[in-house]
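The structure appears below as structure tokens.
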Amino acid sequence: MSNLRRKASPRKNDNQTELMMDAPLAWVVYVLCDPRVEDPIQRIRYVGITRVGVESRLVGHISEAKRGIETHRCRWVRVLLSAGLLPIIEEIDPGIADRPRNESEIAWIKHFRGIGCPLTNSTDGGDGVVSPSPEVRFKQSQSQRARWSRPEEREKMMIAFANPEVRSKHSAHAKEAWADEDAKTARIASIKIAQRTPETRAKRSESMKMSWADPETRARHIVATTNSETQAKRTASMKATAQHPETQARYSAASKRSWADPNVRERRRIAADERRANAAKVVKEKSKSARRIAWESLSEEERERFGTFMGYAQHLAWSDPETKEHRRAASMITRARHKKERLE
């Protein structure tokens, strides 16, 4: 461990602890080592990052292990505690305020894994948001489902989520995680892959069906989606996204690729013809219905003057200047065609 700069353990005196706690560091990357192992590589079992000082963080790790938290790290710490030992914490990278802390933790975890250290880290670092293994994801999911299924736990979680301070902390944490471009790219790729699998689609569909089957949940959804403030925010967000140059360029490129496909062009032409035909049919039906209503409102004398409903419909059609002009033009075209056919 030639690159280790400072060590700390819970057995240090108060002066050393005070100096360490008062050090003007933005954050510290540290490792937990196994006191039973002398090999400089095999002894390193965990890489972490802290802002409260390594002494306090070690106390936190021991406390988590004693509380029975089920993680690889906590189980390893409990094995040491059962043997009357404590993990050794060693500082390896004093933080610099203007350097992203997530990048440092990720880099150190990658380094130690690369040289063969048997780390107990469940993820690749970055506050536990980057590339957790499928086993870790499954365990986290099962744990959250179990907590949510207990009414008392659910009530606590809902109260906590409604707290403005908690929401603010979650928001700040999410913004910090998304500010890391590498982590952002990895997360987006992972989300896209997960969303496209048939299993994920089936689960989401089933979840939404179960959610809407609950009257209370349905009522909350309706209230939330019909709220004028929510609709205004959503509209503003969609407009801002649509007006962004990058979004417009992406839509334009996708549209050009789509129209370059002859099959797509043919399908869209057929669909457009069908829409126009349906629209004309609707207009015709509405016009006929309006004429029928008008016919039924006529007196007996007026009906006798027009003779039949068709006569009245023709009268209305010829009374419209645009219709009259259109019919005259069509008649002239038809007569010209017939005259040309006779001459030929």
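The values are calculated or read from the model by the stated rules, or taken from the named source; none is laboratory data. All figures in this text were calculated on a predicted structure; none of them were measured in a lab. Using ideal geometry, Cβ is built from the backbone for each residue, glycine included, and neighbour counts are taken over all protein chains shown.
Here ILE293, ILE333, ILE270 are screened, and the one residue that is more than 30 Å from ALA254 (Cα to Cα), modelled with pLDDT of 75 or more and part of a helix (DSSP H, G or I) is ILE333.
Of all residues in the range 289-334, those being loosely packed, with under 10 Cβ neighbours inside 10 Å and charged (D, E, K, R) number 5. Evaluated against (1) touching a Ser or Thr at 6+ places or on another chain (Cβ under 6 Å); (2) modelled with pLDDT of 80 or more; (3) aliphatic (A, V, I, L, M), VAL136 falls short on exactly one condition, (2). Counting only strands (runs of 3 or more DSSP E) that sit wholly inside the range 1-56, those with at least 1 residues that are at pLDDT below 85, in contact with a strand residue (DSSP E or B) (Cβ under 6 Å, 6 or more places away or on another chain) and farther than 26 Å from THR71 by Cα are 6-8. The residue of the range 102-123 that is nearest to GLU91 (Cα to Cα), among those that are aliphatic (A, V, I, L, M) and not in a helix (DSSP H, G or I), is LEU119.
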